[in-house]
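Some notes on the structure that comes next.
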Amino acid sequence: MITRSQAIENDKMSWEQQYAASFRNPADLLTWLGIDIDTISDAIDMDSEFPMRVPFAFASRMQHGDPDDPLLRQVLPLKNEGIPVSGFSKDPLNEENYTVGNGIIKKYHGRALLVATGACAIHCRYCFRRHYPYADESLTREQISKMIAELRHMDDLDEVILSG
């Protein structure tokens, strides 16, 4: 089990080390927070399609013993996430229709969004890109060169937003 003093030590680790050592299992995070998993196990989705990822630096700011802590609620996968809701979609911003390829989304005049990484440091439960096909867009040097070349050919471009 990871103690709070170990989490403080994790603040001294590089971001890559913290990313690799993130909580990925709800039971581990709840145990670390001193929350009895049996009291909320019916609500937790242990096999979520959108896996949990919580760095220790973020988890250390959660209230010990509080299953309703707002920071915990941002990252804890719940079963009700999978309930279909009328009017909701997997692509709420309609980005699929504006993807021009090579990880570039061009939805607005003068502006392009470049999906620079599929590696988010934390998986927020409200993420609207949880279904984005990150695996289809690997970022090799060749792929990055293609992205830059494609951006250079957009004559109306004033702004490039980097996103993940």
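Nothing in this text is a laboratory measurement; each read-out follows from the coordinates by a stated rule. Predicted, not measured: the structure shown is a model, and the values here were computed from it. Glycine also receives a Cβ, built like all others from the backbone with ideal geometry; neighbour counts cover every protein chain displayed.
Taking only Cα atoms, what is the 0 to 90° angle, nearest 10, from helix 141-152's long axis to the longest principal axis of the chain? It works out to around 50 degrees. Bridging of LYS146 to lysines at a Cα separation below 22 Å is possible for LYS106, LYS107, once same-chain residues fewer than 8 apart are set aside. Projected over all directions and averaged, the alpha-carbon convex hull of the chain occupies 11.7 nm². Just to confirm the filter: which chymotrypsin sites (Phe, Trp or Tyr not before Pro) across the range 124-164 are DSSP coil and have at most 10 other Cβ within 10 angstrom of their Cβ? In loop regions of the range 124-164 (DSSP not H, G, I, E or B), the sparsely surrounded chymotrypsin sites (Phe, Trp or Tyr not before Pro) are TYR126.
Look at the alpha carbon pairs under 8 Å that are at least 6 residues apart: their mean separation over the length of the chain gives a relative contact order of 21 percent. So what's the range 4-82 giving for Cα Rg divided by 2.2 N^0.38 Å, two decimals? Normalised Rg, Cα atoms only: 1.07. Backbone amide hydrogens, once placed in the peptide plane, bring ILE44 within less than 5 Å of LYS79, excluding anything fewer than 5 places away on its chain.
Along the axis of the charge dipole computed for the range 4-82 (Cβ charges of +1 for Lys and Arg, -1 for Asp and Glu, origin at the Cα centre), the listed residues TYR19, MET52, LEU78 are led at the positive end by TYR19. Model label points for SER86 and TYR98, set 7 angstrom from Cα along the Cα-to-Cβ axis, are 2.8 nm apart. In the chain, if the dipole is taken from +1 on Lys/Arg beta carbons and -1 on Asp/Glu beta carbons about the Cα centre, which of HIS131, LEU33, VAL100 is farthest to the positive end? Of the candidates, VAL100 comes out farthest on the positive side.
Length gained on full extension, PHE128 to ALA20: 36.6 nm, using 0.36 nm per residue less the C-alpha separation. Charged side chains reduced to their Cβ positions (Lys and Arg at +1, Asp and Glu at -1) give the chain a dipole of some 300 debye around its Cα centre. Taken over the alpha carbons of the range 95-163 as equal point scatterers, the Debye sum produces base-10 log I(q)/I(0) values at 0.22 Å⁻¹ of -1.01. With a cut-off of 18 Å on the backbone N, the residues of the range 126-164 near the modelled label site 7 Å out from LYS107 along Cα-Cβ are 126-134, 157-164.
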